[in-house]
1. When the label point is put 7 Å from the Cα of Met31 along its Cα-to-beta-carbon vector, which residues of the stretch 47-72 have a backbone N closer than 12 Å?
2. Which of these values of log10 I(q)/I(0) by the Debye sum over Cα atoms at q = 0.13, 0.18, 0.22 Å⁻¹ was calculated from the structure shown: [x] -0.39, -0.66, -0.94; [y] -0.57, -0.73, -0.98; [z] -0.33, -0.64, -0.99?
3. Could you give me the ³J(HN,Hα) list for the stretch 32-46, computed from phi with Karplus coefficients 6.51, -1.76, 1.60 and θ = phi - 60°, whole Hz, x at Gly and Pro?
4. Taking H placed 1.01 Å from N in the peptide plane, check which residues at least 5 places from Thr42 or on another chain put their amide H under 5 Å from its amide H.
5. Between beta-carbons, use under 15 Å as the cut-off and find the net charge around Ile71, counting Lys and Arg +1, Asp and Glu -1.
6. What number, rounded to the nearest 500 deg cm²/dmol, is the helix-based mean residue ellipticity at 222 nm of the chain, given -39500 (n - 2.57) per DSSP H run of at least four residues and division by all its residues?
7. Exposed loop trypsin sites (Lys or Arg not before Pro) only (DSSP loop, at most 11 other Cβ atoms within 10 Å): please give the longest stretch of the chain free of them, not including the sites.
8. Long-range amide H contacts for Ala63: which residues qualify at under 5 Å (H placed 1.01 Å from N, peptide plane, sequence gap of 5 or more or a different chain)?
Amino acid sequence: METLVPDKVLDCWGLRCPIPVRRTAETIRTMSPDQVLQVIATDDWFGPDLEAWLKRQTHQLLALRERNGEIHAYLRVAG
């Protein structure tokens with residue numbers, strides 16, 4: 001499994017959707033192209049909501065992993 005090193009980590013632990021996706025969008029706006037954002041969330045709907053949001057974006061989902069009840073999403077900011 002590839003190790004991804006994020007430029008920024010967004011902790012959305014315990015927040016319910018749609019808040020994690022909203023915070024992801026807000027955070028990405030503060031980042032530079034090609035940087036990697038890691039989002040940590042616990043809401044079961046985060047993965048599907050994030051994927052739906054990304055269909056309307058040009059950012060790239062690098063990985064979506066679940067471990068120990070946490071969902072870790074890695075996104076590359078579009079240029």
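Values in this text are rule-based calculations from the coordinates and carry no lab data. As the structure is a computational prediction, the values presented were derived from the model and not from experiment. Cβ placement follows ideal geometry from the backbone for every residue including glycine, while neighbour counts extend to all protein chains displayed.
1. Of the residues in the stretch 47-72, 59-63 have backbone N under 12 Å from the label point off Met31.
2. Checked against the structure: label [z].
3. 8, x, 6, 6, 10, 10, 9, 10, 10, 9, 10, 6, 4, 8, 4
4. Long-range HN contacts for Thr42: Gly14, Leu15, Ile71.
5. Working: positive: Arg16, Arg23, Arg65, Arg67; negative: Asp11, Asp43, Asp44, Asp49, Glu51, Glu66, Glu70.
Within the 15 Å Cβ shell, the charges total -3.
6. On the way: 2 runs with 19 residues, N = 79.
For the chain, the value works out to -7000 deg cm²/dmol.
7. Numbers: sites that count: Arg29, Lys55, Arg56.
Result, exposed sites excluded: 1-28.
8. Here the answer is Tyr74, since their amide H atoms fall under 5 Å of that of Ala63.
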